[in-house]
1. In segment 80-101, how many are of a type in the set (Lys, Arg) and within 25 Å of the chain's Cα centre (by Cα)?
2. In the set 9, 96, 15, which member is surrounded by fewer than 10 Cβ atoms within 10 Å (Cβ to Cβ), assigned to a helix (DSSP H, G or I) and either at pLDDT 85 or above or among the hydroxyl-bearing types (Ser, Thr, Tyr) (or both)?
3. Just name the residue that is modelled with the highest pLDDT out of those in segment 21-41 that are assigned to a strand (DSSP E or B) and either on the phi > 0 side of the Ramachandran plot or of a type in the set (Gly, Ala, Ser) (or both).
4. How many residues are polar (S, T, N, Q), touching a residue at least 24 places away in the same chain (Cβ under 8 Å) and within 13 Å of residue 60 (Cβ to Cβ) when one looks only at segment 6-50?
5. Of all residues in segment 42-70, which are at pLDDT 80 or above and either in a loop (DSSP other than H, G, I, E, B) or among the aliphatic types (A, V, I, L, M) (or both)?
Amino acid sequence: MDPSNFFNSIKNIASSLHCPSCGKGYGLGEIKLHSKDDSGLVFSANCNICNLPVWVNVVTKNLIDTIEPRELAPITANEVIDFHLSLKSFDGDFRSVFKED
């Protein structure tokens, strides 16, 4: 990514990002770059009003081109019904779903 695109990315993030808690916009000085590689950038912004941190991932490369497609079996009607029933009875407790034995 050339420097002008990099700076434009930061300006675009700053102009479009708002604190999810209080709605305040972020200034350029409130956005920090944490990592950069060939596929993207990772920024954080910290609201100076409510001190809520926000993380932003910017993809700069088409990652779909790097993933090998694989053949999957079609989803059956019974699988859709089973999934619907499990969602219908789900109580929101993810700890019990992902509990390790």
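1. So the answer is 2.
2. Residue meeting the stated conditions: 96.
3. Looking at residues that are assigned to a strand (DSSP E or B) and either on the phi > 0 side of the Ramachandran plot or of a type in the set (Gly, Ala, Ser) (or both), I get 25.
4. 2
5. Within segment 42-70, 42, 45, 47, 48, 49, 50, 51, 52, 54, 56 meet the criteria.
The values are calculated or read from the model by the stated rules, or taken from the named source; none is laboratory data. Computed from a predicted model, the values in this text were never measured in an experiment. As a convention, Cβ positions derive from the backbone with ideal geometry for all residues, glycine included, and neighbour counts pool all protein chains shown.
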